[in-house]
Structure formats: structure tokens, C-alpha cells
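Right, one structure below, let's go through it.
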């Protein structure tokens, strides 16, 4: 895995993960969907945690077991910041972007891991 | 100076100066009792000290009884310093 | 002043902490803002130095090469340095020779005079003559920001000053966590265009989302200087700092000066022996008490960055100790060897975490952004204080309240925008001050401080809202015109840097341009507050209703 791929992958997964956790909350769920949907919200929450956890992988690949987690922490903040800035202005685009990030990030992750 | 500003001044002094004294005392004490070679015990205690200092400052600003704060700070500082020097022995 | 303290340790824990956070945070936020902004810039001290010194070569990728022959005659450099010291500083208590390398091909000399003051100079590695810097753009470069960050250019007193405010930061963070009622519920909440509410949201989001970084950076900063801030343990249990260190790192004991003259061993030969054992070039040779019978020589191995290898521990270049008279080796610490047990390992990791040099470019950028988030957290906190009181005075200072508010407002303007202007003005000073003047680096720093001071005068003379707009516009102008100034003064520009692949210098100008655009946007927002888009308002209302 190259450095730039790892950075993009970690950022995409962190952003998507944060978006999952965020949109699982009633307050933010309503910014994108009209009605509450407990099942979808539960799914979003699980997916969010999972994506955040998976983002550790590219970080550790490039930076190793000691520095990788530090980079991961930084990427978590970056992902959350981008989301918080985008969400109040363009909530649907924020959600769409998260779907794209997860949709593109996961296959790439599988390819590089395999 | 009004009694209230005097009380605030006393509280601030207790947090900053009294807190620092108690933190130093904690380092001297832990430096003597931590089960590590002495230099490493001192280093470990010094690294912990900033958390101790933070906790003491927060405690001083959360405890209403000013007199009690000063008593605790003074007695704890003296006891910990004394115990630390006695237990630490000669350098 | 009778009502200022109302609230200290009153009410429950949360109320007491709210008081502490508001007032402790207020008096500390300006200094902390300076520490955070200059610290964030200091992350990129090397790129800034390269931009300020166009004669320096472009940064090279780390090769990880540990070969002893890199084209520099280091034993010769040691002989040259020693000859210079014997001639010019025979009575100094300490001689240090920084050996030439790709980074700096000259020989750097450091010494401590009998009055214990430190000095330094540079000599040419080919001629042994003092480096003629009159044709160079002599500058403190990015180190200026690093020094502002940890000591305000104030030596030991400055380090104490910064340490005291860092403790205030820790206390503010802890009290802030206690008073934030809904950390997780409000985790992603930012409601723009709603006045005070938005400022509080922004302050909360910035703090909470970067909290791990803020706690880490404050704590590791204190831990880096633990010897200075918390000497109690060492004083109580050891005779001296040196004795403590010798014990901790199992190194030879420090010797006192004896006053008995004794010729110095051949230091160039010691250097060769040290390099062969360390299996890498040396970077620095220090000679303690030269020509005294207590003399000792210490050779430091070069710090070598291996591409693709990132570590928080064990990155040392190794060191070899010699008796300075007999030349006998007294100790050797190999590169990467750890001493001082787990406690020292923790301290080393903390220091490395603070210095941001452990993970390449990306980590530097993350630190830069997180540091700016910290600065923004402090800025929003300071602004929030005034926004809250602008509509309705809380009368905390009795009849003096309006005057105190005015002072706080002026301090806000002069610190937030004023310091930013001063930072850019430092770059302008670098390009505009004539070459070859005495103490040129000092004059650049004078420009920095004078511009900063002027910004406070300006803030004091103008109504607050005008002062904000005017300073933001000044900041925008200085940032946006910086690349042009660079082109006019030294003939270099962004496209040239990009063409050459000089990402460091290009990065400096790109960050300046981005800052310029942002401040232009900020000035516009303040000058013409725009209505919130209906859609965003509607969504915010819905979200509010459902929370």
C-alpha cells in the first residue's frame, strides 16, 4: 500500500464511520430522512463503529504498530471535522459522500488486504 | 479589599501555590516509595505530577470550605515531604 | 471588584467548574492562543526556514544511509573547530562542534564562557574562517515560531511562563469536560447563523473533536520540561541534576572543574573511534572542561531517518563518552539503545509525541490542523465570552464593567488577528530588510513584535467591529501579496517551486494564500452579516425540535 492510498483510505473510512455514528442519532437522522427508522439507525451505528475500526488497518500498514494508532486518532478528528462543517449546510450531500466513501473504501481495503 | 475578593485571592493562592507545594510533596513521596530504582521512581512521579496538580487545582475550586482547603494542603504537603525524605534516605 | 468572585466554588460541582472555566479560561486564552498559533507554525519550522533562506538547498528525501563517507571531512572539522576555540575561547567551560552535513555544510561552534553564558558562531569547513553571511538572507527562520511557542523569546523565565499557562490549559480542559452537559449528544452538532448558540456549538465541536490532541499536547509539553517545572523530586533525593541523570541513564558521573591544567586528548581521533563503533557518522562533539584534568568528550551519532520506518521510541543516534585527558572510552550507548527503564521510555515517547517529527509529512499536517483547531477553540471561547455580554452586560465588575469589557475586546482583536498579522509580517520583514546588516535575524523578530504591538494600538483606537474588519483585511492583504513580494524581492514564486518539486516552499505560500482567502471571507462576514439560507435554518429548527 502506498502512502497516499493509505491516507485517502483512512480519511474515507473515518469520515464514513463518523457519518454513520452521526446519522444514527435522532437529531441528525432527521436532517437527512424525514421519519425515524430504528432499524436503519441501528445499522448505521454498527456500520459506523465498524468503519472506524477498519480505518486502523491502512494506518498501521504504513506507520507501524506504534505510530499508526496516533495517525488514526488524528484521522478520526479530521473525519469528524469535515462532517460537522458539511452537515448543517448540505446534510444530504454529507450522507451521500459517506456512502460513496464507504462504498469505494471497503473494496479497496479488501483488495489491499488480500 | 472586600472580604469576598480576599477570599478569592486566598483560594487562587491555595490552588496555584498550595497546589504546587502539594504536588512537589507528592513527587518527593512517590520518588521514595515507588518500587522502582530511585531515579526512575522520581521520573515516574514527576511525569504524573502534572495530573496531580490539575486535580488539586480543580479540587480547590470545587470545595466551598476555604479553611479546610488550606489545612489539607499544608498538612498533606508537610506529611508527604517529611515521609518522602525519611523513606528516601541519603542520595 | 466586589462581584468578580461571585461563583467561585459556589453551587454544585458543575457550577463551580463553569466559573473556573469562564474566568480561568478567559485570563489564559490570549497567551494560550499565541502558544497554539506559533506552535502550529513551528511544526513546519524547516519549510519556513527554507522559504526564508532561498540559498539553502531543497529538502532531500531521507535516504536512511548510515555510511561513514558522505563527502565531509569530519575529523578535519573537529581539528578546525578545536583550533578556533584554542585561539579565541581558551577559557570557555564548554566547547561544542556541530559537524558539517548536507543540511548545513559549515561547522557550527558553541561555547559556554566562564560566566556560564552560551554563544555560537559558524566557520567555513574548507577555510576555517568565519562564514561570511553578508550575501545570505540571514534569518531565524521557522525557529522564531518555535521559540515563541515554548518561551516567548524569554529564556528560562519564558519557559516557566508557558508552563504556567499550559497548566491553565489542562485545568480549563478538565473543567470544560465537566460542564459540557451533553458531550456525546452534541458530538456532531453545529448550528450556524444563530449568534451565541453558534459560537458555543463551534467552541464545543472544536474542543470535543480535538480533545485527545489537546490533552496530549498540553501534557506532553509539560512532560518535556519536567526537570524544570517539577525539580522537587530530584532536589530532595539527589545532590545535583547531573547526578540524577548519571544515575537514571547509567552514564559516567559529571566531574567538577579541578583547576588543574591537563592537555586535551586528540579529539579528532576520538571522533573516528566513536564513529566506527556507532557505525554511523557523528553529528556533534561536546567537550566539557577543555584543558582541565576533569575534561570529558562526548560524541553524538547522527539522527538518521529511515524511509518508511516510523517510531516513537529508540530513535536516538547513540553516543560515546571519553575521558578528555587519557582518551579512554568511559561509556557507549548504541543507536536505539534504551536506558532509564519504563519511566524514561514514557518520557521519550511523550517528548516525541509533542515534537511531531515521528511520522513524516502527514503527521505534521495533522498536528498543524489539530493545533489550529486548538487555536480556534481558544478564539471561539474568547469571542463567546464577549458575544454573551455584548447584548446584555452581566455587570461582573460593578461600575468598571464597560471598561473591562472594552479591554477584553481589544485584547481579543490584538491577539487573534493582531498576532496573525505579526506572523505574516515576519515573512515580509525577511524579504524587505536589507541583506548584510548586523543582527539581521533579530531585526526580523523586531518587525514581528512591533507589528503586533501596533495591532493592539489599532484595536484600542477603533470601534471593535471596525477593528476586526480592518485587521482581517490587513491580514488578507499581507497573505495574498506574499507570493508577489517573494517574486519581486528574490525572483522566486509558487509556480517555480511547484515545477522544481519543492513542496516545502510551495506549501508555505499555499498556506499563506489559503489564510488570505479565509480572512477575506471572515472580513466580509463581519462587515455584511448575511441572512442564513432558509433551508439550513429550517433544518436546524427541525433538528432543534427533535433533540
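The values are calculated or read from the model by the stated rules, or taken from the named source; none is laboratory data. No experiment lies behind these values; they were computed from the predicted model shown. With ideal geometry, Cβ positions are generated from the backbone for all residues, glycine too; neighbour counts draw on all protein chains shown.
Looking at (1) part of a helix (DSSP H, G or I); (2) modelled with pLDDT under 95; (3) under 14 Å from residue C:52 (Cβ atoms), which is the one condition that is false for residue C:508?
Of (1) part of a helix (DSSP H, G or I); (2) modelled with pLDDT under 95; (3) under 14 Å from residue C:52 (Cβ atoms), only one is false for residue C:508: (2).
crowded, with 24+ Cβ neighbours inside 10 Å and in contact with a helix residue (DSSP H, G or I) (Cβ under 8 Å, 6 or more places away or on another chain) - does that describe any residue in the range A:30-44?
Applying the first criterion (crowded, with 24+ Cβ neighbours inside 10 Å) to the range A:30-44 yields none.
No - not one qualifying residue is present in the range A:30-44.
Which number in (1) assigned by TED's automatic domain parsing to the domain that holds residue C:27; (2) at negative phi; (3) surrounded by fewer than 23 Cβ atoms within 10 Å (Cβ to Cβ) marks the one condition that residue C:175 misses?
For residue C:175, the failing item is (3).
Starting from residues that are at pLDDT below 95 and within 15 Å of the chain's Cα centre (by Cα), keep the ones in the range C:356-378 and report whichever is surrounded by the most Cβ atoms within 10 Å (Cβ to Cβ).
C:356
(1) touching a strand residue (DSSP E or B) at 6+ places or on another chain (Cβ under 8 Å); (2) part of a loop (DSSP other than H, G, I, E, B); (3) away from every other protein chain (no Cβ under 14 Å): which one isn't true of residue C:339, the others all being true?
(3)
If you check residue C:213 against the conditions, is it within 14 Å of chain A (Cβ to nearest Cβ) and not in a helix (DSSP H, G or I)?
Details: within 14 Å of chain A (Cβ to nearest Cβ): yes; not in a helix (DSSP H, G or I): no.
Considered against the rule, which asks whether it is within 14 Å of chain A (Cβ to nearest Cβ) and not in a helix (DSSP H, G or I), residue C:213 comes out as no.
Yes/no per residue for (1) more than 27 Å from residue C:63 (Cα to Cα); (2) touching a strand residue (DSSP E or B) at 6+ places or on another chain (Cβ under 7 Å):
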| position | (1), (2) |
| --- | --- |
| C:74 | no, yes |
| C:90 | yes, no |
| C:94 | yes, yes |
| C:98 | no, yes |
| C:108 | no, yes |
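Do we find that residue C:501 is modelled with pLDDT under 95, exposed (fewer than 14 other Cβ atoms within 10 Å of the Cβ) and within 20 Å of residue C:44 (Cβ to Cβ) in this structure?
On the way: modelled with pLDDT under 95: yes; exposed (fewer than 14 other Cβ atoms within 10 Å of the Cβ): yes; within 20 Å of residue C:44 (Cβ to Cβ): yes.
The answer is yes for residue C:501.
Only one of C:115, C:129 is within 30 Å of residue C:489 (Cα to Cα) and at pLDDT below 95; which? Before the answer, list the steps.
Numbers: C:115 fails: within 30 Å of residue C:489 (Cα to Cα).
Testing whether each residue is within 30 Å of residue C:489 (Cα to Cα) and at pLDDT below 95 leaves just C:129.
Exactly one of (1) within 24 Å of residue B:47 (Cα to Cα); (2) in contact (Cβ under 8 Å) with a residue 12 or more places away in the chain; (3) part of a helix (DSSP H, G or I) is unmet by residue C:358. Its number?
(3)
Would you pick out the residues in the range C:216-226 that are more than 8 Å from chain B (Cβ to nearest Cβ) and either out of contact with any helix residue (DSSP H, G or I) (no Cβ under 7 Å at 6 or more places or on another chain) or part of a helix (DSSP H, G or I) (or both)? Explain how you work it out, then say what you get.
We begin by selecting, within the range C:216-226, every residue more than 8 Å from chain B (Cβ to nearest Cβ); these are C:216-218, C:220-221, C:224-225.
Within the range C:216-226, C:216, C:217, C:218, C:220, C:221, C:224 qualify.
Looking only at residues in the range C:178-198 that are within 14 Å of chain A (Cβ to nearest Cβ) and in a helix (DSSP H, G or I), which one is surrounded by the fewest Cβ atoms within 10 Å (Cβ to Cβ)? Lay out the reasoning, then the answer.
Within the range C:178-198, the first condition is being within 14 Å of chain A (Cβ to nearest Cβ), and the residues that meet it are C:182-194, C:197-198.
Next cut, in a helix (DSSP H, G or I) only: C:197-198.
Working: C:197: 15, C:198: 19.
The qualifying residue surrounded by the fewest Cβ atoms within 10 Å (Cβ to Cβ) is C:197.
Test each condition in (1) under 25 Å from residue C:242 (Cα atoms); (2) surrounded by fewer than 16 Cβ atoms within 10 Å (Cβ to Cβ); (3) more than 9 Å from every other protein chain (Cβ to nearest Cβ) for residue B:48 and report the one that comes out false.
Condition not satisfied by residue B:48: (2).
From the list B:78, B:6, B:66, B:34, which one is farther than 27 Å from residue C:218 by Cα and touching a helix residue (DSSP H, G or I) at 6+ places or on another chain (Cβ under 7 Å)? Step through it out loud before you land on a result.
Details: B:78 fails: touching a helix residue (DSSP H, G or I) at 6+ places or on another chain (Cβ under 7 Å); B:6 fails: touching a helix residue (DSSP H, G or I) at 6+ places or on another chain (Cβ under 7 Å); B:34 fails: farther than 27 Å from residue C:218 by Cα.
Testing whether each residue is farther than 27 Å from residue C:218 by Cα and touching a helix residue (DSSP H, G or I) at 6+ places or on another chain (Cβ under 7 Å) leaves just B:66.
Does the range C:385-395 contain any residue that is more than 25 Å from the chain's Cα centre (by Cα), touching a residue at least 40 places away in the same chain (Cβ under 8 Å), surrounded by fewer than 16 Cβ atoms within 10 Å (Cβ to Cβ) and at positive phi?
Scanning the range C:385-395, I find at least one residue that is more than 25 Å from the chain's Cα centre (by Cα), touching a residue at least 40 places away in the same chain (Cβ under 8 Å), surrounded by fewer than 16 Cβ atoms within 10 Å (Cβ to Cβ) and at positive phi, so the answer is yes.
Can you tell me which of (1) assigned to a loop (DSSP other than H, G, I, E, B); (2) at the interface with another protein chain (Cβ under 10 Å from one of its Cβ atoms) is the one residue C:205 doesn't meet?
All conditions are met except number (1).
Just the residues that are surrounded by fewer than 16 Cβ atoms within 10 Å (Cβ to Cβ) and within 13 Å of another protein chain (Cβ to nearest Cβ), please, taken from the range C:250-262.
C:250, C:253, listed by residue number.
If you check B:16, B:36, B:22, B:6, which single one turns out to be at the interface with another protein chain (Cβ under 8 Å from one of its Cβ atoms) and either at negative phi or assigned to a loop (DSSP other than H, G, I, E, B) (or both)? Please lay out each step first, then the result.
On the way: B:16 fails: at the interface with another protein chain (Cβ under 8 Å from one of its Cβ atoms); B:22 fails: at the interface with another protein chain (Cβ under 8 Å from one of its Cβ atoms); B:6 fails: at the interface with another protein chain (Cβ under 8 Å from one of its Cβ atoms).
On inspection, the qualifying residue turns out to be B:36.
On the given criteria, is residue C:301 under 27 Å from residue C:265 (Cβ atoms) and modelled with pLDDT of 90 or more? Spell out the reasoning first.
Details: under 27 Å from residue C:265 (Cβ atoms): yes; modelled with pLDDT of 90 or more: yes.
Answer is yes for this residue.
Considering only the range C:4-101, give the helices (runs of 4 or more DSSP H) lying wholly within it that have at least 1 residues that are within 14 Å of chain B (Cβ to nearest Cβ), crowded, with 18+ Cβ neighbours inside 10 Å and without any contact (Cβ under 8 Å) to a residue 40 or more places away in the chain.
Values: elements: C:13-42, C:45-52, C:74-88.
In the range C:4-101, the matching helices (runs of 4 or more DSSP H) lie at C:13-42.
Tell me, please, whether a residue that is touching a strand residue (DSSP E or B) at 6+ places or on another chain (Cβ under 7 Å) and within 17 Å of residue C:316 (Cα to Cα) can be found in the range C:249-268.
yes
Among the numbered criteria (1) more than 21 Å from residue C:220 (Cβ to Cβ); (2) at the interface with another protein chain (Cβ under 7 Å from one of its Cβ atoms); (3) assigned to a helix (DSSP H, G or I), which one does residue B:42 miss?
Going through the list (1) more than 21 Å from residue C:220 (Cβ to Cβ); (2) at the interface with another protein chain (Cβ under 7 Å from one of its Cβ atoms); (3) assigned to a helix (DSSP H, G or I), residue B:42 breaks only (1).
When you scan the range C:228-247, do you find a residue that is crowded, with 23+ Cβ neighbours inside 10 Å, away from chain B (no Cβ under 14 Å) and not in a loop (DSSP other than H, G, I, E, B), even just one?
no
Of the conditions (1) at pLDDT 95 or above; (2) surrounded by fewer than 20 Cβ atoms within 10 Å (Cβ to Cβ); (3) within 18 Å of residue C:141 (Cα to Cα), residue C:461 satisfies every one except a single condition; which number is it?
Against the list (1) at pLDDT 95 or above; (2) surrounded by fewer than 20 Cβ atoms within 10 Å (Cβ to Cβ); (3) within 18 Å of residue C:141 (Cα to Cα), residue C:461 comes up short only on (3).
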